[in-house]
Amino acid sequence: MVDRKANAKTSLDVLVAGAGYVGLAAAVSLKQARPSLAVAVVDAAPAGVWRKDGRASAIAAAACRMLDQLGVWAEIAPEAQAITEMIVTDSRTADPVRPVFLTFDGEVAPGEPFAHMVANKDLNGALRGSAEKLGIDIIEGVAVSAFDPSGAGVTVHLADGATLKARLLVAADGVNSKLRDMAGIKTVKWEYGQSGIVCTVAHERPHNGHAEEHFLPAGPFATLPLKPGKDGNRSSIVWVERMEDAQKLVDGDDLVFEHELELRFGLKLGEIRVADKPRAWPLGLTLARAFVAPRIALVGDAAHGIHPIAGQGLNLGFKDVAALAEVVVEADRLGQDIGALDVLERYQQWRRFDTVQMGVTTDVLNRLFSNDIGPLRAARDIGLGLVERMPRLKDFFIRQASGLSGDTPRLLKGEAI
């Protein structure tokens with residue numbers, strides 16, 4: 001049990017700042033692979049706020065393998081919805097017909113879908129349960145106010161006056177990371193002038209596990225299948241609009257919102273109804289110039305915030321976790337200092353190029369498809385049609401989307417560290 005008295009200095013091996021999915025996964029991955037490590041999590045959000053999160057996330061096949069290896073997938077799976085097919089189309093909102101330019105079969109291996117849709121609160125709850133079983137303390141409602149790396153450790157000061165000491169501090173505190181700023185790590189950052197509207201839609205007919213992404217002039221409109229609930233058939237919507245239009249839609253009349261939603265969603269699944277309060281988040285690209293500094297490592301959105309056009313944000317974070325855990329556990333087994341900069345550099349070298357590459361890819365895709373320029377539209381539609389006719393290239397994209405391409409950490413292969 002972490003002693004948080006103001007005059008106490010509790011010694012830990014790893015302190016994770018941030019109790020979202022990425023932070024919790026980091027703590028569980030390290031503690032499961034190396035039970036001798038003293039690991040704790042601190043989070044600025046009030047206790048229990050995660051239970052109010054009604055959103056869902058696309059979890060790629062590699063991340064599902066990792067969650068299975070961590071012993072939490074069996075708890076999540078009954079309420080997860082497999083994505084059996086991905087359909088891509090390029091059209092205008094007013095177009096009466098939306099031709100399908102590209103379809104992806106939803107399996108990376110027989111019986112293994114390339115992604116599942118999982119309710120955020122289910123994912124968070126399962127990871128929290130695992131953390132508790134492993135003896136990981138989760139300190140909620142308290143922010144990190146400062147930290148001082150020196151010698152063989154880092155002294156972490158909490159907002160309630162308590163002080164903790166660790167060999168390694170892991171920053172998993174989101175795209176606007178305070179710890180990243182405290183560490184003096186600069187970012188490459190720009191805004192897209194777009195917001196992502198997220199909500200859940202109930203509909204009359206079943207989706208059969210099909211996901212769709214419509215490229216519209218203002219940005220992509222994605223329909224992602226959810227497990228049927230008490231309100232029947234459901235899908236999650238990720239709707240990218242110009243920032244000013246998105247805010248008007250979310251703050252405006254419910255009937256106007258549903259009308260605009262129906263124009264984009266269509267009537268293929270029958271009558272639709274908005275099942276929860278829509279929310280909008282500004283979209284941009286944020287890439288940390290470094291993923292590590294003395295005694296600190298950035299993971300998840302603290303290291304990179306990318307456009308949701310490819311649905312890879314959370315999965316990149318899980319890839320960070322798997323790589324960092326593998327580096328830290330192997331270093332500890334060799335008797336090395338897990339927070340030393342030369343050890344953390346191995347993690348940075350593993351993850352930085354892949355992350356920058358994905359950030360650039362999503363940026364280019366967003367600029368290429370979020371417009372209504374005639375010649376560009378024609379060129380990209382020809383490109384989509386060519387990919388549709390090239391099975392090997394489609395298989396490559398599926399491997400990319402599933403998180404199983406490149407130098408994959410062991411956890412993402414479903415292997416123990």
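The values are calculated or read from the model by the stated rules, or taken from the named source; none is laboratory data. Not measured: the values here are computed from a predicted model. So basically every Cβ, Gly included, is an ideal-geometry build from the backbone, and we count neighbours across all protein chains shown.
Could we say that PHE353 is surrounded by fewer than 21 Cβ atoms within 10 Å (Cβ to Cβ) and either closer than 21 Å to PRO220 by Cα or of a type in the set (A, V, I, L, M, F, W, C) (or both) here?
Considered against the rule, which asks whether it is surrounded by fewer than 21 Cβ atoms within 10 Å (Cβ to Cβ) and either closer than 21 Å to PRO220 by Cα or of a type in the set (A, V, I, L, M, F, W, C) (or both), PHE353 comes out as yes.
Restricting the search to the stretch 367-407, which residues are farther than 19 Å from THR103 by Cα, in contact (Cβ under 8 Å) with a residue 60 or more places away in the chain and surrounded by 14 or more Cβ atoms within 10 Å (Cβ to Cβ)?
Hits for the stretch 367-407 are SER370, ASN371, LEU404.
Take ARG264 and tell me if it is part of a helix (DSSP H, G or I) and either within 28 Å of GLU85 (Cα to Cα) or β-branched (Val, Ile, Thr) (or both).
Spelling it out, ARG264 is indeed part of a helix (DSSP H, G or I) and either within 28 Å of GLU85 (Cα to Cα) or β-branched (Val, Ile, Thr) (or both).
When you look at ALA166, is it modelled with pLDDT of 95 or more and crowded, with 19+ Cβ neighbours inside 10 Å, yes or no?
So ALA166 passes the test.
Considering GLU85, GLU75, which residue is of a type in the set (Asp, Glu), under 30 Å from GLU262 (Cβ atoms) and modelled with pLDDT of 90 or more?
On inspection, the qualifying residue turns out to be GLU85.
For the stretch 206-249: of the residues being small (Gly, Ala, Ser) and within 18 Å of HIS116 (Cα to Cα), which is farthest from the chain's Cα centre (by Cα)?
Step by step, filter the stretch 206-249, then rank; the result is GLY229.
Hey, among TRP281, TRP239, which residue is surrounded by fewer than 24 Cβ atoms within 10 Å (Cβ to Cβ), aromatic (Phe, Trp, Tyr) and part of a strand (DSSP E or B)?
After ruling out the rest, the residue left standing is TRP281.
Just for the stretch 72-92: of the residues that are assigned to a helix (DSSP H, G or I) and not hydrophobic (A, V, I, L, M, F, W, C), which one is farthest from GLY111 (Cα to Cα)?
By that ranking, first place goes to GLU75.
Pick from the stretch 338-350 the residues that are in a loop (DSSP other than H, G, I, E, B) and in contact (Cβ under 8 Å) with a residue 40 or more places away in the chain: which of them is surrounded by the most Cβ atoms within 10 Å (Cβ to Cβ)?
So the residue we want is GLY339.
Counting just the residues of the stretch 4-44 that are in a strand (DSSP E or B) and at pLDDT below 95, which one comes out surrounded by the most Cβ atoms within 10 Å (Cβ to Cβ)?
Among them, the one singled out is THR10.
Within the stretch 186-232, considering only strands (runs of 3 or more DSSP E) that don't extend past its boundaries, which have at least 3 residues that are modelled with pLDDT of 95 or more?
187-203, 219-229
Name every residue in the stretch 295-321 that is among the hydrophobic types (A, V, I, L, M, F, W, C) and farther than 23 Å from LYS178 by Cα, in order of residue number.
Within the stretch 295-321, ILE309, ALA310 qualify.
Would you be able to say whether some residue in the stretch 348-356 is modelled with pLDDT of 95 or more and in contact with a strand residue (DSSP E or B) (Cβ under 8 Å, 6 or more places away or on another chain)?
Looking for residues that are modelled with pLDDT of 95 or more and in contact with a strand residue (DSSP E or B) (Cβ under 8 Å, 6 or more places away or on another chain), one finds at least one in the stretch 348-356, hence yes.
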